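Inspection log for the structure reproduced underneath, given as structure tokens.
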Amino acid sequence: MAEIIPIEPDLDNANAGNLFSFKTLLLLYYLTMKNTVLISGSSRGLGASIAKTFYENNYDVAINYYKSQEKALALAKELGPKAKIYRADVSDINQVTEMINQIKNDFGTTPSVLVNNAMTSYVFNGDDRKTAETITWSEISNHMDVTLKGSLNLIQTLIPYMKEKKYGRIINVGTNLVQNPVVPYHDYTIAKAALLGLTRTFAKDLGPMGITVNMISGGLLKVTDASAATPDEVFDIIAQMTPLQKITTTKDFADAVMFFASEGSRSITGQNLTVDGGLTFN
């Protein structure tokens, strides 16, 4: 694909012919640009919903999984030929590099959009959580390896390609528990807080390259594998506490991710958007 670097036209002094040429080139650029997204941890739950939303918006979709191969295959089959699956432990830089190379071979380009959604296996059950007295560094580290190190591996592997394109969208999946740890899931929340720090510092460095970095933080989503153990009574209580009087769905969240991948978000970076029906105010 030939690279076109958009330049703001001088609307006051441009003649009609030059302005038409600029608009034509810009339109051709966006029509011919191949949109490819990589979503880590997207074989099921929230990740699968995000994959479906991007596919519906005409993206080539790279579905990353680590253990859930059957679900990844079923999702790719459901979506269609522009969705492919890639097994990789995102905390392993060698596996990440191999995955990106394979995506490039399959789609003819590297992802222009990265969604960091992968997390270690986890169940949200407040009755069975570790407390501040019992949580161990090993348990926290397990989350940091996937949530933070995995995101770092993916971002750093894609930076050279996004830099060459002068375009990239990095979207990190966070949690509103960082703002309001109503149930203190220590290991999970600490890792997401670290990812929020990365979101803001990387936005500063990558902005001049045309790369935006943002986070979307949800609350308890209905329903994912992780939230399946949550009693219905808890869902009801949370719904009553939100201004919208409803629990956020994975589709609600996925649509917000799609916004950060769109041109409508081109001047937004380093931000954390909370999508929880108004339960948490930033």
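The values are calculated or read from the model by the stated rules, or taken from the named source; none is laboratory data. Being a predicted model, the structure only gives us computed values, none of them experimental. Cβ coordinates were reconstructed from backbone atoms using ideal geometry, including for glycine residues, and neighbour counts include every protein chain displayed.
Just a few scattered comments:
- Flag if Thr212 is part of a loop (DSSP other than H, G, I, E, B), surrounded by 16 or more Cβ atoms within 10 Å (Cβ to Cβ) and at pLDDT 95 or above: no
Conditions (1) within 17 Å of the chain's Cα centre (by Cα); (2) closer than 27 Å to Leu206 by Cβ, marked per residue:
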residue	(1), (2)
Gln69	no, no
Ile85	yes, no
Asn117	yes, yes
Val123	no, no
Gly126	no, no
Glu133	no, no
Lys163	no, yes
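- Among (1) within 17 Å of the chain's Cα centre (by Cα); (2) outside any loop (DSSP other than H, G, I, E, B); (3) within 23 Å of Ser217 (Cα to Cα); (4) not hydrophobic (A, V, I, L, M, F, W, C) - the single one Asn142 does not satisfy: (1)
Per-residue answers, yes or no, for (1) touching a Phe, Trp or Tyr at 6+ places or on another chain (Cβ under 9 Å); (2) on the phi > 0 side of the Ramachandran plot; (3) at pLDDT 95 or above:
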position: Lys104; (1), (2), (3): yes, no, yes
position: Thr109; (1), (2), (3): yes, no, yes
position: Val113; (1), (2), (3): yes, no, yes
position: Asn116; (1), (2), (3): no, no, yes
position: Met119; (1), (2), (3): yes, no, no
position: Asp128; (1), (2), (3): no, no, no
position: Thr131; (1), (2), (3): no, no, no
position: Ser138; (1), (2), (3): no, no, yes
position: Met144; (1), (2), (3): no, no, yes
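- Residue count for region 50-74 under the criterion of being small (Gly, Ala, Ser), touching a residue at least 12 places away in the same chain (Cβ under 8 Å) and surrounded by fewer than 24 Cβ atoms within 10 Å (Cβ to Cβ): the result is 1.
- Test result for Gly207, surrounded by fewer than 16 Cβ atoms within 10 Å (Cβ to Cβ) and either closer than 20 Å to Leu154 by Cα or modelled with pLDDT under 95 (or both): yes
Residues checked against (1) in contact with a strand residue (DSSP E or B) (Cβ under 7 Å, 6 or more places away or on another chain); (2) under 27 Å from Thr248 (Cβ atoms); (3) of a type in the set (Lys, Arg):
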residue: Ser151; (1), (2), (3): yes, yes, no
residue: Gln156; (1), (2), (3): no, no, no
residue: Lys166; (1), (2), (3): no, no, yes
residue: Asp187; (1), (2), (3): no, yes, no
residue: Leu195; (1), (2), (3): yes, yes, no
residue: Arg200; (1), (2), (3): no, yes, yes
residue: Gly207; (1), (2), (3): no, no, no
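- Residue list for region 75-88, restricted to those being buried (at least 19 other Cβ atoms within 10 Å of the Cβ) and more than 14 Å from Asn35 (Cα to Cα): Leu75, Ala76, Ile85, Tyr86, Ala88
- Among the residues of region 104-120, those that are surrounded by fewer than 16 Cβ atoms within 10 Å (Cβ to Cβ) and either free of Cβ contacts under 8 Å to residues at least 40 places away in the same chain or outside any loop (DSSP other than H, G, I, E, B) (or both) comprise Lys104, Asn105, Asp106.
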